[in-house]
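A.B. asks: What follows is a structure written as structure tokens; I'll ask about it next.
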2 protein chains.
Amino acid sequence: MLAPVLLCVGGSAARAASGPPAEVVAAQLRDAAMAGHDIAYSWVSELTTHFGPRPAGSASEQQAAAWVAARLKALGFENVHIESFPITAWVRGTESAQLIAPSTQPLVIAALGGSPPTPAAGLEGDVVIFPTLRDLKAAVPGSLNGKIAMVAQRTVRAQDGAGYTAAVPGRTDGPTEAAQRGAIAYLLRSVGTDNHRQAHTGTARYVDGRVAVPAFALSAPDADQIERIAALGQTVRVRLFSGASYVRDAHSQNVIAEVRGRERPQEVVLLGAHLDSWDQGTGAIDDGTGTAIVTAAAKLIRDLPHRPRRTVRVVLFGSEEVAQPTPPGHTFGGHSYAVNHQAELANHVLAGESDFGTDRVYSFALPRSAAESEFAKTLLRVITPIGVLASDRAAEDVGADVTPTVEAGVPGFALSQDGTTYFDIHHTPDDTLDKVDRAQLDQNVAAWAALAWLAADSDIDFRPRPASGGAAATPAKP
Amino acid sequence: MLAPVLLCVGGSAARAASGPPAEVVAAQLRDAAMAGHDIAYSWVSELTTHFGPRPAGSASEQQAAAWVAARLKALGFENVHIESFPITAWVRGTESAQLIAPSTQPLVIAALGGSPPTPAAGLEGDVVIFPTLRDLKAAVPGSLNGKIAMVAQRTVRAQDGAGYTAAVPGRTDGPTEAAQRGAIAYLLRSVGTDNHRQAHTGTARYVDGRVAVPAFALSAPDADQIERIAALGQTVRVRLFSGASYVRDAHSQNVIAEVRGRERPQEVVLLGAHLDSWDQGTGAIDDGTGTAIVTAAAKLIRDLPHRPRRTVRVVLFGSEEVAQPTPPGHTFGGHSYAVNHQAELANHVLAGESDFGTDRVYSFALPRSAAESEFAKTLLRVITPIGVLASDRAAEDVGADVTPTVEAGVPGFALSQDGTTYFDIHHTPDDTLDKVDRAQLDQNVAAWAALAWLAADSDIDFRPRPASGGAAATPAKP
């Protein structure tokens, strides 16, 4: 329960039918979270401690979903249920890599998600290094016959993750491009900004239901080592082994819970995050903290003395990590949700997703129609004191899980987190609870609770206005 | 060749029989190193790139020693030779660990050096956690029958490595103490200050020629996870596997090279470091940089237009990492050297060792007899400008490799490096070239070259003075 302090504020927040003004309540939610009066840290601690890694389709993911559903009920959420969907699960096996010429040295690698196993005896080949994916694409078909192709592109550290966006096609598209030129396997300098001896896994594009050739990420120091040896004019030969496998009849699931609205319960503000994780770490920052942030924000709203006018729905998606990089064929939790709830989507007011680690929110972005609205001004007043700016762009890519929902016409919002160090840890064994900073987590909860409350307690329509208004057609500011 | 700049300096440096005053030359050596005119970085880059890890007794260690000897000859050193000695080598095998109750989760571990293999099917046991080694020692014999003992002590971050010294008995003595109380295996929170998903290996004490039970270091996040689960009141059960093995007829070797003195070539200033490394990283900071620092310092002296009066001897030791924590039985490079050169030790003027990573030297310590000497004052004048203080203590523990030499009566010196971050990386897969900072490395070379030159070009006797002088009996300052 929040302290019943009423702050005197100016401005023109949408007035709730009962209780104090919405802006006052939003500020109370913010302050409660900033003071640590939220469940976010205990949530991510319990989730990662009880279940460890939660790969899509695994027993661990399923057990975590059942535990989460029980927790959500115990926390007082309504309409808590699990929606299952079939997937082909990918299971990492034993894997290893060694330099075998010009000297014998162990290499730290991780198979890319979806990557097929090597032959049981492993495979060997000389390594052909390409500085970027573009260089690999310039190689002619047949030129890599019997070789192992390697893309050595570095990931630039950037607050908004632009370095990841620039480098990740090397992971998603590299295996196919290498196979098309005759390569027997693919190596990638990890898409990551650290220099630790850990490889960043991640999914690669399927062709005919599987990744084209065995594909592995190298840790940054191992990629450095191969490049240094090659720079001496020596041929680098590598042995690779992966015992990865596929489980065709697996399933994953979304967990759904609500704080039902008091006036228009059919209108939904969707707060998303994903419950599955990669298998090397325990999915603490990807995306345990996301599930903690949105759940804790909704729980603060749940515990108010009065409900919001609309429904706040938490959706904890399954099988996000193995979603395919391009539609169609992205049979994952976000797709399953959009299909299952197709009839409801016209009543989805707004959708957003927390999936960028645990560092602070520094910016918010709303649908273009709301960029200059009173709603935006109110939100800015509430969350500027905790270090959040209004973006000069409308919300665009708001996250993989809600993309199918947004593509179906639901307006999306973004609370952008500082990603400067996120890609040090992303998709590595290092994604563990000790990397979670409680104060940062609380700031996220504060921003999410404030935004979710203000949207749910308003009657604003975030959808594009009719053409006469023209706003929807206005390009985003540069 | 150094630039022939003569600096005007005051003070009373020992005067060389030819060339400029010794202090002037020491300053020139310092400045040359600080300007990067030394071979240290290329040395450690080539060593770690060509050979990767160099475990004691391995082909890689032997190949590295042969390469090093050839390089030393090519660099113009004299009396370059290799001195082999027999060892029983320990070889890490495949290894793995999993939580198997209350849930199934992978654990990141590394067998401790010398640790015996598990049975081929692995072993399982419930984990009994002790906060410190002292708590384990308080357990009664038989109380751990069939259990896996775990010591969870944390390593305190400290500039001088005091946190390591406090925690490392958990590694060296823990397996024996656990076995004496009936434990079937031993787990240790890594002796390290990082929170990465990497385990810090290191040697454990032998009893009857081997470590008592299979013993493993856990990464810090994995130790956290086990402690959190246990704190929920749940029994933690673990499965362990190690395929480690011993090679009884292996050998290791010391590589020796000299800059012969012009007046008293039989008098030796010994600069040591170790060429072997642990097997998980490439031994860049432990101790590739040590070998680089002492070799580069000696090479700067080698390239002077005039030799020092005494001989500067570089000894790159083998098999340091597997040296046993207590004598006797420490058949390693340092022991082999002291035995082989016993007849010469009376003419060893001074001995020191670089084996604490690559961070800056911040303090020097000399034998007690020289603490207030003109030599110490000269040295201070030369290296204070690069950030080095005079210690308020006499040199004591100057390093594992030279300990047998120092115990045989040779005066020791220390150039103490800042170890604040050393134990983030020490004995882990992360010990790779990218962790080496060139500017820090050059500062080390500067300090080593200045000290080695001043000692070798002097006629100071660092041995304790006769009792009448009394200095040798004076306790070190607190």
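A.B. asks: Assume the label is 7 Å from Cα along Cα to beta carbon: what separations in nm does residue A:387 have to the matching positions in the other copies?
C.D. replies: 2.8
A.B. asks: Please label the shape of the stretch A:326-450 as rounded, prolate or oblate, based on the square roots a ≥ b ≥ c of the eigenvalues of the alpha-carbon gyration tensor (a/c under 1.5 means rounded; beyond that, a/b larger than b/c means prolate, else oblate).
C.D. replies: Judged from the Cα gyration tensor, the stretch A:326-450 comes out oblate (a/c at least 1.5, b/c at or above a/b).
A.B. asks: Rounded to whole angstrom, how close does the nearest chain B beta-carbon get to the axis mapping B onto A, and which residue is it?
C.D. replies: Its Cβ sits closest to the axis: B:196, 3.
A.B. asks: Less than 11 Å Cβ to Cβ from residue B:446, Lys/Arg counted +1 and Asp/Glu -1: what total charge do the surrounding residues give?
C.D. replies: Local net charge: -1.
A.B. asks: With both bridge residues required to lie in the stretch A:222-365, what share of the DSSP beta bridges run antiparallel, to the nearest 5%?
C.D. replies: Percent antiparallel among DSSP bridges in the stretch A:222-365 is about 30.
A.B. asks: So what are the radius of gyration and Dmax for the Cα set of chain A, in Å?
C.D. replies: 23.3, 76
A.B. asks: What is the Å³ per residue value for the convex hull set by the Cα atoms of the stretch A:135-275?
C.D. replies: Cα-based convex hull of the stretch A:135-275, divided per residue, equals 185 Å³.
A.B. asks: Once you have the Kirkwood Rh of the stretch B:10-165 from its Cα pairs, apply Stokes-Einstein at 25 °C and 0.890 mPa s and quote D in µm²/s.
C.D. replies: Answer from the Stokes-Einstein relation: 111 µm²/s.
A.B. asks: Within the protein assembly as shown, how many Lys pairs that are eight or more residues apart, or on different chains, come under 28 Å at the alpha-carbon?
C.D. replies: Lysine pairs satisfying the spacing and distance rule in the protein assembly as shown number 11.
A.B. asks: Let me ask you something else. Which of A:241, A:379, B:190 sits farthest toward the positive end of the charge dipole of the protein assembly as shown, with +1 on the Cβ of Lys and Arg and -1 on the Cβ of Asp and Glu?
C.D. replies: A:379
A.B. asks: Using only Cα atoms, find the angle between the long axis of helix B:438-456 and the longest principal axis of chain B, and express it within 0 to 90 degrees, rounded to the nearest 10.
C.D. replies: Result, in degrees: 50.
A.B. asks: Considering only protein heavy atoms, what is the solvent-accessible area of residue A:41 at a probe of 1.4 Å, reported in Å² to the nearest 10?
C.D. replies: Result for residue A:41: roughly 50 Å² accessible.
A.B. asks: To the nearest 20 Debye, how big is the dipole of the protein assembly as shown about its Cα centre, given +1 on the beta carbon of each Lys and Arg and -1 on that of each Asp and Glu?
C.D. replies: Charge dipole of the protein assembly as shown: 180 debye, to the nearest 20.
A.B. asks: If you plug each phi of the stretch A:239-252 into the Karplus form 6.51 cos²θ - 1.76 cosθ + 1.60 with θ = phi - 60°, what whole-Hz ³J(HN,Hα) values come out, in order, with x for Gly and Pro?
C.D. replies: 10, 10, 9, 9, x, 4, 8, 10, 10, 6, 10, 7, 9, 10
A.B. asks: Then there is this: Considering just Cα atoms, how many Å³ per residue does the convex hull of the stretch B:236-356 enclose?
C.D. replies: Dividing the Cα hull volume of the stretch B:236-356 by its residues yields 144 Å³.
A.B. asks: Further, regarding this structure: Over all pairs of distinct alpha carbons, what does the Kirkwood formula give as the hydrodynamic radius of the stretch A:223-262, in Å?
C.D. replies: By the Kirkwood definition, the hydrodynamic radius is 16.2 Å.
A.B. asks: Binning at 5 Å from 0, report for the stretch B:42-89 what percent of all alpha-carbon pair distances ends up in each bin.
C.D. replies: Answer for the stretch B:42-89: a P(r) of 5, 20, 27, 23, 17, 7, 1 percent.
A.B. asks: Okay, moving on. So how exposed is residue B:267, as accessible area in Å² (1.4 Å probe, rounded to 10)?
C.D. replies: 30 Å²
A.B. asks: Between residue A:437 and residue A:263, how many nm apart are label points set 7 Å from Cα along the C-beta direction?
C.D. replies: The two pseudo-label positions are separated by 3.9 nm.
A.B. asks: Inverting the mean 1/r over all pairs of different Cα atoms, compute the Kirkwood radius of the protein assembly as shown and quote it in Å.
C.D. replies: 30.7 Å
A.B. asks: I'd like the orientation of helix B:22-34 relative to chain B: the angle between its Cα long axis and the longest Cα principal axis, in ° from 0 to 90, rounded to 10.
C.D. replies: Helix B:22-34 sits roughly 50 degrees off the main axis of chain B.
A.B. asks: Between copies, how far does the label point of residue A:420 sit from its twins, in nm, shortest first, when each point is 7 Å from Cα along Cα→Cβ?
C.D. replies: With the label placed 7 Å along Cα→Cβ, residue A:420 yields 1.8 nm.
A.B. asks: Based on Cα positions only, what radius of gyration and what Dmax would you give for the stretch A:94-193, in angstroms?
C.D. replies: In Å, with Rg to one decimal and Dmax whole: 13.9, 43.
A.B. asks: Taking the Cβ of residue B:54 as the center, what net charge do the other residues with Cβ under 9 Å away carry, scoring Lys and Arg +1 and Asp and Glu -1?
C.D. replies: Here the count lands on -3.
A.B. asks: A further question follows. Grab the other residues whose beta carbon is less than 11 angstrom from that of residue A:78, score K and R as +1, D and E as -1, and report the net.
C.D. replies: Summing Lys/Arg as +1 and Asp/Glu as -1 gives +4.
A.B. asks: Relative to the other copies, what are the label-point distances for residue A:342, with labels 7 Å from Cα along the C-beta vector, expressed in nm at one decimal and sorted shortest first?
C.D. replies: For residue A:342, the other copies' label points sit at 9.0 nm, shortest first.
The values are calculated or read from the model by the stated rules, or taken from the named source; none is laboratory data. Only a predicted model underlies this, so the values are computations on that prediction, with no experimental measurement involved. Here Cβ is always computed from backbone atoms with ideal geometry, including for glycine, and neighbour counts include all displayed protein chains. Areas reflect the complete protein model, heavy atoms only, side chains present, ligands, DNA and RNA absent. Shrake-Rupley method; radii C 1.70, N 1.55, O 1.52, S 1.80 Å.
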